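Notes follow the structure.
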Amino acid sequence: MPLVGRLKTLRPSKPQHHLPLQAWITSVNKANKMALLAWAKETGINLVQTNGQRRYGGPPPGWVGDAPPAGTEVFIGKLPQDIYENTLIPLFQSVGKLYEFRLMMTFSGLNRGFAYAKYSSRRSAKEAIAALNNFEVREGCAIMVCRSTDKCELSMDGLATSVSRKEVEAMLRQVTEGVLKVTLHTSPCQKWAQLAVLKYSSHQAAAMAKKTLMEGNRLSGPGVRVDWLNPDLKKKLQSCREKPSFSQVQGDKCLGVPTQAPLSPLLCSAVDRLNMLCWRQYRGTPMFLTKCVQADPSGWLRFWCQVVIPGCSVPFSGFTWVWQNGPGRSRHEEAKAAAALRVLQMLGESLSGASANPLPFPKSWSVSGSVELWCF
């Protein structure tokens, strides 16, 4: 049971613990933090911090019955960043019974400028909007209060084309809570990439997942963007069919997926294979850097290539030759594919005998210093 009048911090996969008092007080906004601590001690109110938000209630002490229905939560915006619950909770309690109050926090201890208040009834929520929208919490600081939109869907754009829906869903369940459904689509914004629509059980679960995935989680590699699902994008995706799994691919065509310019099957599979290997090791999507450094009179282009693997301290780099007048995709794409093939060869990966469970990353990936892997 939490102690009354204490501020506590919860972190994923770790036991509940108290925030070090002295370290918290001596940081920024000291006076208001001390006032908050005094108020929490005097009132006996428990404030629990987890995943970048500090929460009161949900349910509050003495609550009996189910949680309030949808439509009982309000969004509070334009908050001064140095204001805390000792001012906000009494203010929002003055118009109705609070079920939960959540203040979004930064690492420094300031608030992020917005909060959510959930009331016991829809009527109280409407009264809060009518009474407190444009209310000045201090001179010249008018806050915004409006109905909270129960957004439960996220978009994750820029995923590797080789990643399956089951793989994405399995990884999401490891780092987020409340995943209900994952669908994959061809990305409308990035070439040779996928967009995933992630549906969560509640707005709060979706908001926490968004924060986790945007803060450099291993699931979100370079080039992967996570945001709320835009209504216009949702309509566009609904008008198209969901991207099929590999079992639905027939011949050289994917049902419902636009065809792309052909590339050497070996090189094309090298890019996909490296993406899949990195994803299955929870390292995110590898980033490729290519630069043409020499043009040979015979028609060959020499490219410098670098492959950056998330979580690997040293990138792979080297040179490769690409035929200038070759068919298919751009020369940079050909250089990227050749680089992926060479990295896989260095890792001992076989393209012809690709297994469902890739080999683990070798210890040599963690060495320090430069890694010059190839020079053609």
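Summary of computed values
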item: Residue check, ALA130 loosely packed, with under 14 Cβ neighbours inside 10 Å and at pLDDT 90 or above; result: yes
item: Residue identified as at pLDDT 90 or above and among the charged types (D, E, K, R) among LYS30, LYS41; result: LYS41
item: Per-region count, the range 85-144, residues in a helix (DSSP H, G or I) and either free of Cβ contacts under 8 Å to residues at least 12 places away in the same chain or not polar (S, T, N, Q) (or both); result: 17
item: Residue ID - farthest from ALA170 (Cα to Cα), chosen from residues in the range 303-315 that are open to solvent by less than 70 Å² (accessible area, probe 1.4 Å) and part of a strand (DSSP E or B); result: PHE303
item: Subset of the range 81-94 [modelled with pLDDT of 95 or more and open to solvent by 20 Å² or more (accessible area, probe 1.4 Å)]; result: ASN86, THR87, PRO90, LEU91, GLN93, SER94
item: Hits in the range 96-115 (condition: open to solvent by 30 Å² or more (accessible area, probe 1.4 Å) and either closer than 14 Å to PRO68 by Cα or touching a strand residue (DSSP E or B) at 6+ places or on another chain (Cβ under 9 Å) (or both)); result: LYS97, THR106, ARG112, PHE114
item: Scan of the range 33-58 for residues that are in contact (Cβ under 8 Å) with a residue 40 or more places away in the chain, of a type outside the set (Lys, Arg), within 17 Å of GLN81 (Cα to Cα) and assigned to a helix (DSSP H, G or I), ordered by number; result: ALA35, LEU36
item: Matching residues, the range 280-302, being at negative phi, touching a Gly at 6+ places or on another chain (Cβ under 8 Å) and open to solvent by less than 70 Å² (accessible area, probe 1.4 Å); result: ARG283, THR285, PRO286
item: Residue match in the range 280-296 (condition: at pLDDT below 80 and not in a loop (DSSP other than H, G, I, E, B)); result: yes
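The values are calculated or read from the model by the stated rules, or taken from the named source; none is laboratory data. These figures come from a predicted structure and were not determined experimentally. As a convention, Cβ positions derive from the backbone with ideal geometry for all residues, glycine included, and neighbour counts pool all protein chains shown. The accessibility values were calculated without ligands, DNA or RNA, using every heavy atom of the protein model including side chains. Shrake-Rupley method; radii C 1.70, N 1.55, O 1.52, S 1.80 Å.
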